[in-house]
Amino acid sequence: MYEFVLTLHSWLRWAAIPAGIVATIAAFTVRPGYTESTRADRWGLILTIVLDLQLVLGLLLYVALSPTTAAVFEDFGAAMGDPVARFWAVEHIALMLAAVVVAHVGRILGRKARTPNSKRIRLLVCFALATVVMIAATPWPGMPAGRPLFRL
């Protein structure tokens with residue numbers, strides 16, 4: 001079960017990161033004064049759905065399935081001294097959770113905006129920030145806690 005969920009979580013990032021990039025671009029390219037449902041709204045929805053799936057899978061790994069986090073929880077103090085263990089125990093989950101929250105907040109703020117331009121700016125800022133945070137918190141190959149680009 002662990003390998004399946006880990007592989008799914010790893011592959012789903014290839015939907016999350018592009019969805020964040022496209023949602024950001026869509027928010028940037030909204031025509032001023034355009035009040036109907038936009039590509040930014042659709043891509044924002046796709047982004048939040050994919051991030052929610054990532055969150056569920058990541059929490060399942062973090063709380064129940066991962067031998068890495070199980071080892072970290074045995075001696076959390078010692079894990080904080082190890083950059084790799086600290087990345088998985090604190091940094092990855094905190095930053096990714098922040099990305100999920102920021103994307104959701106962006107959609108909410110966009111819906112509550114009074115003008116099309118304020119909606120555009122809110123979506124743009126939140127989707128861009130969520131995307132940057134996702135990219136920063138991804139364990140890219142070559143990093144101390146790096147993982148392969150494509151897990152098989």
Residues of segment 125-141 satisfying the condition of being surrounded by fewer than 20 Cβ atoms within 10 Å (Cβ to Cβ) and assigned to a helix (DSSP H, G or I): VAL125, ALA128, LEU129, VAL132, ILE135, ALA136, ALA137
One residue from ILE17, ILE49 being surrounded by fewer than 16 Cβ atoms within 10 Å (Cβ to Cβ) and either modelled with pLDDT of 95 or more or in contact with a Phe, Trp or Tyr (Cβ under 9 Å, 6 or more places away or on another chain) (or both): ILE49
Single residue of segment 66-96 satisfying the filter (surrounded by 14 or more Cβ atoms within 10 Å (Cβ to Cβ) and charged (D, E, K, R)) that is farthest from PRO116 (Cα to Cα): ASP82
Unmet criterion (only one of (1) over 19 Å from ALA19 (Cα atoms); (2) touching a residue at least 60 places away in the same chain (Cβ under 8 Å)) for THR138: (1)
Flag for ARG122 being surrounded by fewer than 19 Cβ atoms within 10 Å (Cβ to Cβ) and part of a helix (DSSP H, G or I): no
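For (1) under 15 Å from ILE135 (Cα atoms); (2) touching a helix residue (DSSP H, G or I) at 6+ places or on another chain (Cβ under 6 Å); (3) among the polar types (S, T, N, Q), each residue gets a yes or a no:
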residue: LEU12; (1), (2), (3): yes, yes, no
residue: ALA15; (1), (2), (3): yes, yes, no
residue: ALA19; (1), (2), (3): yes, yes, no
residue: ALA27; (1), (2), (3): no, yes, no
residue: GLY44; (1), (2), (3): no, yes, no
residue: LEU51; (1), (2), (3): yes, yes, no
residue: ALA78; (1), (2), (3): no, no, no
residue: PHE87; (1), (2), (3): yes, no, no
Inter-residue pairs, beta-carbon under 6 Å, first on the phi < 0 side of the Ramachandran plot and in contact (Cβ under 8 Å) with a residue 40 or more places away in the chain and in segment 75-93, second of a type outside the set (D, E, K, R) and assigned to a loop (DSSP other than H, G, I, E, B), 6+ apart: PRO83/PRO144; VAL84/PRO144; VAL84/ALA145; PHE87/ALA145
Sole residue being surrounded by 14 or more Cβ atoms within 10 Å (Cβ to Cβ) and without any contact (Cβ under 8 Å) to a residue 24 or more places away in the chain, chosen from VAL30, VAL100, VAL105, VAL63: VAL105
Residue under evaluation ARG42, criteria (1) within 17 Å of VAL125 (Cα to Cα); (2) in contact (Cβ under 8 Å) with a residue 40 or more places away in the chain; (3) basic (Lys, Arg), criterion not met: (2)
Scan of segment 20-40 for residues that are at pLDDT 95 or above and not aliphatic (A, V, I, L, M), ordered by number: GLY20, THR24
Residue within segment 108-126 that is over 13 Å from the mean Cα position of the chain (by Cα), within 27 Å of GLU3 (Cα to Cα) and in contact (Cβ under 8 Å) with a residue 12 or more places away in the chain present: no
Flag if ILE93 is under 15 Å from the mean Cα position of the chain (by Cα) and among the hydrophobic types (A, V, I, L, M, F, W, C): yes
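The values are calculated or read from the model by the stated rules, or taken from the named source; none is laboratory data. Predicted, not measured: the structure shown is a model, and the values here were computed from it. Virtual Cβ from ideal backbone geometry, glycine too; neighbours counted across all protein chains shown.
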